[in-house]
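The values are calculated or read from the model by the stated rules, or taken from the named source; none is laboratory data. Just so we're clear, the structure is a prediction, and the values are computed from it rather than from any experiment. Cβ sites come from the backbone with ideal geometry, for glycine too, and all protein chains shown count toward neighbours. Surface areas here come from the heavy atoms of the whole protein model, side chains and all, with no ligands, DNA or RNA. Shrake-Rupley method; radii C 1.70, N 1.55, O 1.52, S 1.80 Å.
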Amino acid sequence: MTNVDDQEIAHFDRLAARWWDPQGEMQALHAINGPRTRYVERCAGGLRGKSAVDVGCGGGILTEALAEAGAQALGIDLAGEALDVARAHARQKGLALEYRRIAVEELAAERPESFDVVCCMEMLEHVPDPASVVAACARLARPGGTLVFSTINRNPKSFALMIVGAEYLTGLVPRGTHQYEKFIRPSELGDWARAAGLDIVGLKGLRYNPLLRSATLADDVDVNYLMHCQKP
Ligand code: SAH
């Protein structure tokens, strides 16, 4: 298990207890969860009865939404404390969800081509080798399966909004969460997806409104964005 930055895992484990507070440190993930879940639903042509894996699921904000939309969902992450919180929260809500502490590359070797839907959100900018994660996600999808990645673009605007604005001026995101150099341009993510044999179907921006504390899909992909891919 080499494609992991232990400091990143420790950072998210430290935040585990706060994961489900919609006003807390993870509020941005809560705010974007509705629009991104609807996007996944649309890309997949509905989620009811589909098998879905949520890669880098953390405390399970997206994983639960996928399950609530009717998918049979598995969440994987390497942050054990975040996974404990995810399990406890799902149990409390009576959701039949599965969580595992396993690297995506390992799961891909164990269960290749077994998921209708593969999501990997806000995780690629936290790993040493994001292309390897994209390739493993591609391997997890069944032929014809839907993949949705989300991450943060790398340019002066994303630096200003995501580092200076979100972490230092407003405290919307805990300080030290993101490193600018690890942000990913859509062209780079697209190259990795194509190299993994995926077709790129769509690209959408995700615009966060700090005053309303809500997010909407948008055409501008300068900061947060979602990429929809399909496995041929
Ligand atoms: N995808 C979730 C959580 C995003 S936070 C959501 O959008 O709601 C980033 C997550 O990536 C954290 O839970 C962190 O533990 C996880 N992560 C970071 N590096 C990882 C790795 N190498 N393998 C698996 N998960 C990782």
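Tabulated data for the structure shown
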| read-out | value |
| --- | --- |
| Members of region 25-69 found to be of a type in the set (A, V, I, L, M, F, W, C), in a loop (DSSP other than H, G, I, E, B), in contact with a strand residue (DSSP E or B) (Cβ under 9 Å, 6 or more places away or on another chain) and under 21 Å from E81 (Cβ atoms), listed by number | C57 |
| When residues of region 148-197 are limited to those that are at positive phi and in contact with a helix residue (DSSP H, G or I) (Cβ under 9 Å, 6 or more places away or on another chain), the one surrounded by the most Cβ atoms within 10 Å (Cβ to Cβ) | G197 |
| Any hit, region 32-45, residues being free of Cβ contacts under 8 Å to residues at least 60 places away in the same chain, within 11 Å of the ligand (Cβ to nearest atom) and of a type outside the set (D, E) | yes |
| Among the residues listed as L95, L78, the single one being open to solvent by 10 Å² or more (accessible area, probe 1.4 Å) and under 18 Å from F12 (Cβ atoms) | L78 |
| Near pairs, Cβ below 7 angstrom, 6+ apart or cross-chain, from region 110-138 (assigned to a loop (DSSP other than H, G, I, E, B) and among the β-branched types (V, I, T)) to any residue that is open to solvent by 10 Å² or more (accessible area, probe 1.4 Å) and modelled with pLDDT of 95 or more | V127/N3; V127/V4; V127/D5 |
| Index of the failed condition, G59 passing every other in (1) more than 9 Å from the ligand (Cβ to nearest atom); (2) crowded, with 19+ Cβ neighbours inside 10 Å | (1) |
| Complete set of residues in region 12-23 that are open to solvent by less than 40 Å² (accessible area, probe 1.4 Å) and more than 8 Å from the ligand (Cβ to nearest atom) | L15, A16, W19 |
